[in-house]
Amino acid sequence: MTKALINLQDLRRRIYRKAKSDKTHRFWGIFVHVAKMETLREAYRIAKRNGGAPGTDGLTFSDIETECLDKFLLSIRDDLLSGCYQPQKYRKVEIPKGKGKTRILQIPTIRDRVVQGSLKLILEAIFEADFCPNSYGFRPKRSPHLALAEVRRSVLRRMSRVIDVDLTSFFDSIQHSLLLDKIARRVKDPEVMRLVKQIIKTAGKIGVPQGGPFSPLAANIYLNDLDWYFDSIRRKTAEGDYEAVNYHRFADDIVITVSGHHTKSGWDKLALRRLKEQLVPLGVTLNEEKTQVVDILKEESFSFLGFDFRRVTNRQRTGHFILLTPNKKARKAIKAKIREIINNGGATSAKDIISRLNLSLAGWVNYFRVGNSNRAFSEVRDYLEMKVRTLLTRRKRRQKRSVGWRRWSNEYLYGVLGLFWDWKIHPLGNVDAYK
């Protein structure tokens, strides 16, 4: 009797259940699932959905599909099964960070993205069973908005002293031997371990390059023990349903909240010291200049995931609430993107440039609309209209005496050109709304 084949979703569910029920089980024989056509096809679909520039080979998704997608995936499968697969070098791109600093984004080829994505689909099912609830980044059924809601809830529960943590070049500091040891706790398949080693060694002897599908999973695995360490502190210091210390992490963005009660005086400094102690064995250090302890009761603010958190008095002067606003860095980033699209427009038609602008604006607005973003949205919208009107004025070869708001009315920008206009605010819900 032939055993019925199971699809990828059922396979991942079975792996997860086994990992959840047996915390000491080490998985073997899973490389065959990494190299399955179904897994590779799903990894390709996710890579294409995420988009991104081509790698060092210059191959695009259009090139692959013009040639033959099945042929492309079959060649990857054959290389994996024969042991001939070798990752190609990453294409390095410098991303401005402000103040003249840059961050290096290393872009793998689409072929390598598919392999990393396929490996992630299988390993994620194992390690998702081990991950701590206070980790939100790049995990199924979790989102930045859930992380924001959790942090807000902690602050509203009188954890008014906040440690705003900044890690120094976290992804570049990941020790390969430590990461491989942490993965080996759950995996004893030599072919999988060999593939992981190939992927992380491609960029050098230390660090995991940002830009590949495997990097976020590697980061979560690397910091999982830290997550559970602070979760144990949360449980030990809780009084009934209320915690005295809480910890929230999204990738390498960490916030620790501490009770502001006078009996907990000094706990924020203690928590920061514990954090430093736990980071030392990992080879990760704090950015002392950017890591800060703030007291929101003193009208101090902190940033998390692009938002500034601040405690303010309500309009009736009867209480307080937590104000979430897009921070300066986020506003500058979308303005820079608007400038880039317009300046690189060349001879492209105005409507095509507007379409590109709309794509970028839709993603930015959908993310930040959960905050108290009216002022930020007005600022960005005014800047957008000014840049578009300036572009139209220049193209008409008229003398530029103004940005042309009289000649290029709102009716023309939004009605004729179709400029983005969905600036509606949807306030951040409670934690349960994002689960």
Item to check | Candidate set: the range 184-197, residues that are assigned to a helix (DSSP H, G or I) and open to solvent by 90 Å² or more (accessible area, probe 1.4 Å); chosen: the one farthest from H25 (Cα to Cα) | outcome: K197
Checklist entry - Before we move on, is R157 surrounded by fewer than 21 Cβ atoms within 10 Å (Cβ to Cβ), within 15 Å of P216 (Cα to Cα), at pLDDT below 95 and not aromatic (F, W, Y)? => result no
Checklist outcome for this item: Out of (1) farther than 13 Å from V162 by Cβ; (2) open to solvent by 20 Å² or more (accessible area, probe 1.4 Å), the one V284 does not meet is (2)
Checklist entry - When you look at D181, is it open to solvent by 20 Å² or more (accessible area, probe 1.4 Å) and either in contact with a helix residue (DSSP H, G or I) (Cβ under 7 Å, 6 or more places away or on another chain) or without any contact (Cβ under 8 Å) to a residue 40 or more places away in the chain (or both), yes or no? => result yes
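I'd like the full set of residues that are open to solvent by 20 Å² or more (accessible area, probe 1.4 Å) and either of a type outside the set (G, A, S) or under 17 Å from Y136 (Cα atoms) (or both), limited to the range 226-245.
Answer for the range 226-245, where residues must be open to solvent by 20 Å² or more (accessible area, probe 1.4 Å) and either of a type outside the set (G, A, S) or under 17 Å from Y136 (Cα atoms) (or both): W228, Y229, I233, R234, R235, K236, T237, E239, D241, Y242, E243.
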Item to check | Test set (1) open to solvent by less than 50 Å² (accessible area, probe 1.4 Å); (2) within 14 Å of M159 (Cα to Cα); (3) at pLDDT 95 or above - L272 fails condition number | outcome: (2)
Item to check | Condition met for A218 (open to solvent by less than 40 Å² (accessible area, probe 1.4 Å), in contact with a helix residue (DSSP H, G or I) (Cβ under 7 Å, 6 or more places away or on another chain) and not charged (D, E, K, R)) | outcome: yes
Checklist entry - What are the pairs, 6+ residues apart or on separate chains, where a residue within the range 15-36 that is under 11 Å from I126 (Cα atoms) and open to solvent by 80 Å² or more (accessible area, probe 1.4 Å) has its Cβ under 6 Å from a residue that is of a type in the set (S, T, Y) and at pLDDT 95 or above? => result none
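Just checking, how many residues over the range 316-326 are under 20 Å from G429 (Cα atoms) and not in a strand (DSSP E or B)?
Residues meeting the conditions: 1.
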Next on the checklist: Condition first: open to solvent by less than 40 Å² (accessible area, probe 1.4 Å), modelled with pLDDT of 95 or more, within 20 Å of the chain's Cα centre (by Cα) and within 30 Å of T263 (Cβ to Cβ). Can you find one or more residues in the range 112-133 that meet it?
Outcome noted: yes
Checklist entry - Only one residue in R273, R311, R317 is in contact with a helix residue (DSSP H, G or I) (Cβ under 7 Å, 6 or more places away or on another chain) and of a type in the set (D, E, K, R). Which one? => result R311
Checklist outcome for this item: Inside the range 146-181, the number of residues satisfying the requirement of being over 18 Å from the mean Cα position of the chain (by Cα), within 17 Å of I322 (Cβ to Cβ) and charged (D, E, K, R) is 5
Checklist outcome for this item: Only unsatisfied item for R158, checking (1) more than 30 Å from Y242 (Cα to Cα); (2) assigned to a loop (DSSP other than H, G, I, E, B), is (1)
Next on the checklist: Quick check on my filter: what residues within the range 37-52 are small (G, A, S) and open to solvent by 40 Å² or more (accessible area, probe 1.4 Å)?
Outcome noted: G52
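Among the residues that make up the range 162-173, is at least one of them of a type in the set (G, A, S), in a helix (DSSP H, G or I), open to solvent by 10 Å² or more (accessible area, probe 1.4 Å) and more than 27 Å from W28 (Cβ to Cβ)?
Checked the range 162-173: at least one residue is of a type in the set (G, A, S), in a helix (DSSP H, G or I), open to solvent by 10 Å² or more (accessible area, probe 1.4 Å) and more than 27 Å from W28 (Cβ to Cβ).
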Checklist entry - Within the range 54-62, can one find any residue that is open to solvent by 40 Å² or more (accessible area, probe 1.4 Å), in a helix (DSSP H, G or I) and in contact (Cβ under 8 Å) with a residue 60 or more places away in the chain? => result no
Next on the checklist: I'm trying to understand the selection: among the residues of the range 377-406, which are of a type in the set (S, T, Y), modelled with pLDDT under 95 and in contact with a helix residue (DSSP H, G or I) (Cβ under 9 Å, 6 or more places away or on another chain)?
Outcome noted: T390, S402
Next on the checklist: Restricting to the range 98-141, name every residue that is in contact (Cβ under 8 Å) with a residue 24 or more places away in the chain, part of a loop (DSSP other than H, G, I, E, B) and basic (K, R).
Outcome noted: R139, K141
Checklist entry - Among N343, N374, N358, which is at pLDDT 90 or above, open to solvent by 20 Å² or more (accessible area, probe 1.4 Å) and under 20 Å from S303 (Cα atoms)? => result N374
Checklist outcome for this item: Only one of V380, V365, V370 is within 30 Å of L156 (Cα to Cα) and in contact (Cβ under 8 Å) with a residue 60 or more places away in the chain, namely V370
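The values are calculated or read from the model by the stated rules, or taken from the named source; none is laboratory data. Please read these numbers as outputs of a predicted model, since none were measured by experiment. Ideal geometry is used to build each Cβ from the backbone, glycine not excepted, and the neighbour counts take in all protein chains shown. Just so you know, the surface numbers come from the protein's heavy atoms only, side chains and all, with ligands and any DNA or RNA stripped out. Shrake-Rupley method; radii C 1.70, N 1.55, O 1.52, S 1.80 Å.
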